[in-house]
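Down below is the structure, laid out as structure tokens.
The values are calculated or read from the model by the stated rules, or taken from the named source; none is laboratory data. Small disclaimer: the values here were computed from a predicted structure and weren't measured. FYI the Cβ positions are ideal-geometry reconstructions off the backbone, even for glycines, and counts take in every protein chain you see. These area figures cover heavy atoms from the full protein model, side chains too; ligands, DNA and RNA do not enter into them. Shrake-Rupley method; radii C 1.70, N 1.55, O 1.52, S 1.80 Å.
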Amino acid sequence: MTTATPEAEAASETHTPITVTLKILRFNPEVDEEPHWESYDVPAQPTDRVLNLLFHVKDYLDGTFAFRRSCAHGVCGSDAMQINGINRLACKVLLKDLLEKNGKRTEITIAPIKGLTTLKDLYVDMDPFFEAYRAIKPYLITYGNEPTRERIQSQADRDRFDDTTKCILCACCTSSCPVYWNDGSYFGPAAIVNAHRFIFDSRDDGAEERLDILNDGEGVWRCRTTFNCTDACPRGIQVTKAIQEVKRALLFKRV
């Protein structure tokens, strides 16, 4: 008689099918006056991602359910949403990290990110977010004659903005900011992060223009340093630190 090893038993347990309840904040502007919660029991594996569970709801339980997704691998940032009250990417959250202990039925709450108008279910209007992004001129600005070869940069110069190049524009940071919730005119953390990426780029000549933009009443001075943005970023960007560096560049008039 063969006895299963502890490793085999653990693997078997990991793949044991379970049922979890998804409690989703639904809203259809054609029939609903207000958003409301609906619950769905979904069969799943502990190794499933939350995105897999959402697909099950849409494919097998309610085809009218709407949510945004694209690459499903944490690169495009399309599936940002509140999962148990925290901004996350559904494609990067594993069910096993949300399971209740002691055999209790797991209930996961899913809601759209805050601060942006909900168009339907988890689908929000991203236009204000991208308007703020475009306003900070997120591209290389140079003056003078074009160089005859590539623009050389030292590793130390690159390191100054390397962290902020990782932004995928998912809006997790901006939509976790209490200031942004209360007043959508604030540029928000993501726009400032992407401004930082060029302000501290030694090849760029547009730092002063961007700093003038962010010195506006809706710019970096609205930040209250709550660190929500840093905690929410799925790429681990030190968002609050980047905002503070932009503030210092404004205060001391140097990059």
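Loop-only chymotrypsin sites (Phe, Trp or Tyr not before Pro) in region 127-173, please: DSSP not H, G, I, E or B, and at most 12 other Cβ atoms within 10 Å.
Sites meeting the loop and neighbour criteria: Y139, Y143.
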For region 46-57, take each phi angle, set θ = phi - 60°, evaluate the Karplus expression 6.51 cos²θ - 1.76 cosθ + 1.60, and give the result in whole Hz per residue in order, putting x for glycine and proline. x, 7, 5, 8, 4, 4, 4, 5, 5, 4, 4, 4
Given [x] 40, 23, 16; [y] 42, 19, 16; [z] 49, 25, 18 as candidate values of semi-axes √(5λ) of the Cα gyration tensor in Å, which corresponds to the one derived from the coordinates? [x]
Would you mind telling me the share, in percent, of accessible area of region 170-240 contributed by carbon and sulfur at probe 1.4 angstrom? 45
Degrees separating the helix 189-199 axis from the principal Cα axis of the chain, which is the longest one: 40
Taking Cα atoms, the helix 239-252 axis meets the longest principal axis of the chain at an angle in degrees (rounded to 10) of 10
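How would you rank 30-43, 202-215, highest first, on the average number of other Cβ atoms within 10 Å across their residues?
Numbers: 30-43: 11.4, 202-215: 17.3.
Answer by packing, highest mean first, reads 202-215, 30-43.
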Region 18-124, accessible surface, carbon-and-sulfur percent (1.4 angstrom probe): 46
Principal axis extents for region 16-82, Cα atoms only, whole Å, descending order, please. 39, 29, 20
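Go through 144-151, 49-56 and give me the packing order, highest mean Cβ count within 10 Å leading. Walk me through the intermediate numbers first.
Values: 144-151: 7.1, 49-56: 20.2.
Top to bottom by mean Cβ count within 10 Å: 49-56, 144-151.
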Rounded to whole Å², per residue accessible area for the chain with a 1.4 Å probe reads 54
Which links in K23/K120; K23/K166; K120/K241; K120/K166 stretch past 24 Å when you go from one Cα to the other? K23/K166; K120/K241; K120/K166
Give me the one-decimal nm value for the distance between modelled label points at N182 and S202, 7 Å along each residue's Cα-to-Cβ direction. 4.1
If you count, for each residue, the other Cβ atoms within 10 Å and average over each peptide, how do 71-80, 165-174 line up from highest to lowest? 165-174, 71-80
